[in-house]
Amino acid sequence: MNKRRLGNTGLLVGEVGMGCEGFLEKTPGEVSAMIGLMEERGCNCIDLYTPNPEMRTSLGQALRGRRDRFILQAHLCTIWKDGQYKRTREIGEVKAGFVDLLTRMELSSVEIGMIHYVDSMADWDEVYNGPVMRYAQQLKADGVIEHIGLSSHNPAVARKAVESGLTEVLMFSVNPCYDLQPANEDLELLWAEQSYEKPLVNMDPEREALYEACQRMGVGITVMKAFGGGDLLDETLSPAGRALTPYQCMNYALTRPAVASVIAGARTLDELRDCLSYSDAPQERRDYAAALATFPKISWQGHCMYCGHCAPCPKGIDVASVTKFLNLCKAQGGIPETVREHYAALPQRASACVACGACEKRCPFGVPIIENMKSAAKLFGK
Ligand code: SF4
Ligand code: SF4
């Protein structure tokens with residue numbers, strides 16, 4: 001499986017990660033078989049949001065002897081109460097919940113301590129100024145967590161958390177429908193019929209600004225809700241009115257700036273095999289551009305989706321990457337050092353463009369690629 005850098009953490013994560021829901025209600029042997037398959041295929045990032053005690057115990061047993069081959073994204077602020085999951089900011093409960101995770105899973109530390117589900121500004125203020133962030137920082141200072149993360153569905157809150165400088169990993173909901181919708185504290189509105197009644201044009205600027213901030217600040221994104229809870233795979237349920245395939249959804253998320261891993265879900269070994277086969281799938285099966293271009297009432301005309309549908313360029317230019325770096329600089333009003341480095345590492349620069357137009361003919365979104373290549377060559381000086 002392809003590995004990607006998780007922002008500036010120094011961690012390398014498989015581009016497909018796994019959520020923990022599929023381990024629920026499984027015997028320890030079944031969980032162990034799933035972990036074995038993940039290990040074999042290089043799927044090394046596991047998100048641990050559920051505080052379900054049996055799941056924690058089974059997973060802990062399954063990781064015996066191979067713990068160091070996995071990167072664990074363990075959530076703070078989730079506890080098990082009265083037989084079910086509960087989100088809490090009460091610091092006594094938060095601490096007890098995290099100790100329970102470490103104990104049941106036989107762990108001394110985890111790579112990412114993820115502050116769970118911060119969707120409103122008031123909640124962010126409480127987390128940031130209160131004991132939860134201090135506890136996360138203490139865990140980090142003690143070496144119990146290596147990096148502080150935060151999960152959110154709200155781009156405005158997520159950006160605030162990223163720009164605080166304290167969040168090193170962001171778990172964020174990324175899919176082509178959410179990306180059209182403005183920031184909102186009400187998660188329901190992201191999928192509500194009324195939010196899709198009027199024609200929608202291009203990605204919401206606040207979401208673009210979030211991706212740009214993550215890329216600029218070296219905050220790696222792990223993705224949740226890439227399939228919109230499964231609705232995006234069914235045209236009768238998708239708010240876009242057209243179905244996408246799992247590979248198309250995963251590729252969409254993986255082509256957003258700063259995204260390192262898509263956290264998928266699998267309830268059986270066969271489903272797990274399907275998810276993990278993404279990395280071996282041919283580009284035609286991952287390509288989402290043509291499908292997105294058929295969404296009724298939704299248009300990305302003139303807007304680069306970083307889909308790569310315009311490839312190959314006879315001069316070897318990676319048009320999607322060049323355009324991504326150009327847009328990051330435009331959003332930032334200058335060239336961030338990391339972007340300059342990434343651009344310099346490209347096998348071919350925008351100045352190699354001979355304006356043949358082959359890419360523009362293939363772009364389903366009418367992006368002025370030749371013009372963009374000229375702008376990039378001018379901006380980066382090559
Ligand atoms: S220029 Fe068009 S085809 Fe190429 S990556 Fe951007 S949106 Fe996709
Ligand atoms: S117009 Fe430029 S970027 Fe596009 S295919 Fe031709 S050489 Fe490549």
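The values are calculated or read from the model by the stated rules, or taken from the named source; none is laboratory data. Note that the structure is predicted; figures quoted are calculated from it, not measured. Cβ placement follows ideal geometry from the backbone for every residue including glycine, while neighbour counts extend to all protein chains displayed. For accessibility, only protein heavy atoms count, side chains too; no ligands or nucleic acids. Shrake-Rupley method; radii C 1.70, N 1.55, O 1.52, S 1.80 Å.
Summary table below
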item	result
Dipole magnitude of the range 1-144 about its Cα centre (Cβ charges: Lys, Arg +1; Asp, Glu -1), debye to nearest 20	420
5 angstrom amide H check on LEU48, placed H, neighbours 5+ away	GLN73, ALA74, HIS75
Ranked order, LYS198, LYS225, LYS160 - accessible area, probe 1.4 Å, largest first	LYS198, LYS160, LYS225
Global geometry of the range 184-261, whether rounded, prolate or oblate, following the gyration tensor of its Cα atoms and the 1.5 cut on a/c	oblate
Solvent-accessible area, 1.4 Å probe, carbon plus sulfur percent, for the range 203-323	52
Total formal charge among the other residues, if their Cβ is under 13 angstrom from that of ARG267, Lys/Arg +1 and Asp/Glu -1	-4
Cα centroid of the range 44-70 to Cα centroid of the range 107-122, whole Å	16
Set of aspartates and glutamates near LYS3 by C-alpha distance (under 15 Å), chain-local residues within fewer than 8 positions excluded	GLU15, GLU39, GLU40, ASP280
Distribution of pairwise C-alpha distances over the range 260-382, 10 Å bins, in %	12, 36, 32, 16, 4, 0
Charged-residue dipole, Cβ positions (Lys, Arg, Asp, Glu), the range 250-359 about Cα centre, Debye nearest 20	340
Alpha-carbon centroids, the range 242-283 and the range 307-370: separation in whole Å	24
Phi-based couplings in Hz for the range 256-268 (Karplus 6.51, -1.76, 1.60; Gly and Pro marked x)	7, x, 6, 6, 10, 8, 9, 7, 9, x, 8, 9, 9
Separation of alpha-carbon centers, the range 176-204 and the range 14-39, rounded to whole Å	32
Sequence of HIS309, HIS153 when ordered by accessible area, the most exposed leading, probe 1.4 angstrom	HIS309, HIS153
Positive-end residue, the range 3-287 charge dipole about Cα centroid, Cβ charges, pick of VAL127, ASN154, LEU232	VAL127
Share antiparallel - DSSP beta bridges, the chain, percent rounded to 5	20
30 Å Cα-Cα reach of LYS361 towards lysines, excluding residues that sit fewer than 8 places from it in its own chain	LYS198, LYS297, LYS315, LYS324, LYS330, LYS374, LYS378, LYS382
Charge dipole of the range 96-255 about the Cα centre (unit charges at C-beta), most positive-ward option of TYR178, THR245, MET114	MET114
The chain - accessible surface per residue (Å², probe 1.4 Å)	42
Shape category assigned to the range 136-275 from the gyration tensor of Cα positions, a/c cut at 1.5	oblate
Surrounding net charge for TRP124, when Lys and Arg each add one and Asp and Glu each subtract one, Cβ distance under 13 Å	-3
FRET efficiency, 1/(1 + (r/R0)^6) with R0 35 Å, evaluated for HIS342 and ARG67 via beta carbons	0.60
Whole-Å semi-axes of the chain's equivalent ellipsoid (Cα gyration tensor)	35, 22, 21
13 Å beta-carbon shell around LEU237, net charge (K/R +1, D/E -1)	-3
Residue-span extension gain [GLU126 to GLN301] - 0.36 nm each, minus C-alpha spacing	59.0 nm
Residue (of CYS363, ALA376, TYR343) at the positive-pole extreme of the range 319-380, dipole from beta-carbon charges	CYS363
Charge dipole (debye, nearest 20) of the range 319-380; +1 at Cβ of Lys and Arg, -1 at Cβ of Asp and Glu	100
Cα gyration tensor shape for the range 1-90, rounded if a/c is under 1.5, else prolate or oblate	oblate
